[in-house]
Every structure is written in C-alpha cells, then in structure tokens.
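Scroll down for the structure; my scribbles are underneath it.
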Amino acid sequence: MPETADGPTESSAEAQKRPQFGTRFLTDPRQVFQHNAWDNVEWSAEQEEAAQKKVQENSQPLPEEKQEEFDNRANEYWNDFYTIHENRFFKDRHWLFTEFPELAPQQKPSQDSEENLLNGEDGPSTHTDTEFPGASASYRILEVGCGVGNTVFPILKTNNDPGLFVYCCDFSSTAVDLVKSNPEYYPSRCHAFVHDMSDASAEYPIPDHNLDVIVLIFVLSALHPQKMQNCINRLARLLKPGGVLLLRDYGRYDMAQLRFKKGRCLSENFYVRGDGTRVYFFTQDELHDLFSKAGLEKVQNMVDRRLQVNRGKQLTMYRVWVQCKYRKVLAPT
C-alpha cells in the first residue's frame, strides 16, 4: 500500500537499536530543523480547529455512481499502481521490530539452521506442509496487504527462527507477482497469495485459530468503511487464542487528509487519490470499536503525532498515525 513516510532505510542492526516512536521531543522551536522528525508534537487549539475546517470544506461526497465506479474498479487501480511503481515506491520498514517485537525471533535457532537460512536453503524439515502451507511451523505470521514485500522481507531477513512461517497476501495480483519474483522469496518459509480482504466469504489458505500474528500496515484504510468490521471479524477467527493483531495506519487530520482538494471525498473521512486508490483516516475510538466487536482486547492504541522536516527546503509537515495492538482473548481454562 502507498506509504512513503517510513524514513531512511536502515540495516537490521541499526533497526534493533532504533528507539521507539515517541522519544524525540521538540522543546525549543528554534531547533526544529536540527532533525528530520520530532515525536508526539502537541497541536494547538488553533491548529486543530484549522484542520477540522479544512476537512469540512472538502467533505462534499462524490455522486453515488462515481463512488460505485471506484469500488468496482479497485482491483484495476491497484494493479495499475504496482505496474507503474513496481518496488521503487517503497522503503523496507525496519522500524517494525522496534514497534512490534512480536515480529522478531521468538527463539534462538541452532547454528546449522541459521547457516541454512543465510545460505538460502530450506530450514529443517518442520515444513512438510501436508495439510496447508506452513502447517508444521511453530510460529505463523500473516501480513494482509503486503504490497511488494516491504514488511515481509525485513521479517524474513531478521527473524531466523527455524519454526517461522510467513503468509502474505494482497488485493493486487501484480503486487503478489512482484513478491514471488523477489530473490529473497523462499516457499519453504513464505507463502504469497492474492486475496480480497474486503470479501468476508473469501477463504484464506490457513485454517482458523492457527496464526500467532496478523499485520496490517497502512492497508485497512484502503477498504470501504462499511466493509471494515466484517474484514476484522474474519481475521480475528484466524488468530490463536492469545494471538495478536498489529496495525499502523493513517490518523484523523494527517497531512495527507488535509491535502485533498474538493472533488476527492467519497464519504466522511474517506477519499480517492488521483490514481483511483482510496484511503480512510481513523480515530483511536473507531479502531477500538472495530477490534472490540471482533472479540479482541486492547494491548495498545496510541496516536503518533509526528512533525517531519525537510531541512533542505525548510518545510515542516505534520503526520498523524494510529498504532494498535489487540489480542485474541484466551479461552477460559
């Protein structure tokens, strides 16, 4: 999914040392251009009011027939997007392991297993997969809306747990083809497939109650708001008791929302970009309601208000992201 605010690409070692979001504070406005970004920037009442006014000015929805066209052609627009950009648009998200340690190794592999993985060989014979891909794995991660693999491949490169198996899917067949053509894609450790997450009746290649982690990174916002609850309900069934759903997505009044002009609004806080792809901007309460109704309990639900800086052009840009962790309730003993 289009999301270009990950920051500079880091090595895995650098990523492990990276402090969590929310640790760099701007205490002296005169120092604003000393760093590329500042965390948890407080908005003034005037700034909040100006953002609300901007959104209201551009909130007239497009005609219903036009909205239906964007909904019916969503697959076409995403395929066109990945055909044009391929893997040049994105940066690997090494920050994932700092914010979501659930994606890092859960156990230390043996030396032989580690060497096999580094050499690109199959891991130990845990993945015989007679029932479904990754059936014999001890730790299973699914990323929904994987795009060209900028979350999946950092996980596979960083997490050398021999029991790990990663599933990844996307609405766009073009994106999935790009993942499979990546030289770091090994079917012994990963299974990529085309899937429409908005279709609650579509089957996943994993039985229910088998996933340890589900990852949604800037992807739920691409769905029509009316389809989000059924989507989350379906994903929650895939989780094991105690499994977690990890989300990072666009927050209300993010810079991207305030930049939309008139004629781009589909419904309240839901817009269409110039390339036909769509995006919604969330509040914490909206996401909490979605996850709670699916039977998930809150571990984390936070807003990351970030001030990004272009030091060359002396520009400041306000980003608003929401980050969540929700756990499937453990069955009573």
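The values are calculated or read from the model by the stated rules, or taken from the named source; none is laboratory data. Since we're looking at a predicted model, the values are computed, not measured. Ideal geometry is used to build each Cβ from the backbone, glycine not excepted, and the neighbour counts take in all protein chains shown. Ligands, DNA and RNA are excluded from the accessible area calculation, which covers all protein heavy atoms including side chains. Shrake-Rupley method; radii C 1.70, N 1.55, O 1.52, S 1.80 Å.
Descriptive notes on the structure:
- Evaluating His209 against the criteria (1) over 21 Å from Asn79 (Cβ atoms); (2) surrounded by 20 or more Cβ atoms within 10 Å (Cβ to Cβ) leaves one unmet condition, (2).
- Criterion (of a type outside the set (S, T, N, Q) and either open to solvent by 60 Å² or more (accessible area, probe 1.4 Å) or in contact with a helix residue (DSSP H, G or I) (Cβ under 6 Å, 6 or more places away or on another chain) (or both)) met by exactly one of Arg273, Arg252, Arg259, Arg248: Arg259
- Any hit, segment 311-319, residues being open to solvent by less than 40 Å² (accessible area, probe 1.4 Å) and not in a helix (DSSP H, G or I): yes
- Of all residues in segment 48-65, those that are closer than 16 Å to Leu266 by Cα have Cβ atoms under 8 Å from Cβ atoms of residues that are open to solvent by 90 Å² or more (accessible area, probe 1.4 Å) and basic (Lys, Arg), 6 or more apart or on another chain, in Glu57/Lys262; Asn58/Lys261; Asn58/Lys262; Gln60/Lys262.
- Those strands (runs of 3 or more DSSP E) of segment 133-219 in which at least 1 residues are among the charged types (D, E, K, R) and within 23 Å of Lys325 (Cβ to Cβ), considering only elements entirely within it, cover 139-144, 164-170, 211-217.
- Boolean, Thr333 is farther than 18 Å from Val215 by Cβ, open to solvent by less than 50 Å² (accessible area, probe 1.4 Å) and either basic (Lys, Arg) or modelled with pLDDT under 90 (or both): no
- Failed item, numbered, when Met228 is tested on (1) closer than 18 Å to Glu143 by Cβ; (2) modelled with pLDDT under 95; (3) not basic (Lys, Arg): (2)
- Residue check for Val144: in contact with a Leu (Cβ under 9 Å, 6 or more places away or on another chain), modelled with pLDDT of 90 or more, of a type in the set (A, V, I, L, M) and within 15 Å of Val219 (Cα to Cα): yes
- Any hit, segment 267-287, residues being assigned to a strand (DSSP E or B) and polar (S, T, N, Q): yes
- Note on segment 241-264: residues that are outside any strand (DSSP E or B) and under 22 Å from the mean Cα position of the chain (by Cα) total 9.
- Scanning segment 185-201 for residues that are of a type outside the set (Phe, Trp, Tyr), in contact (Cβ under 8 Å) with a residue 60 or more places away in the chain and closer than 14 Å to Gly149 by Cβ turns up just one, Arg189.
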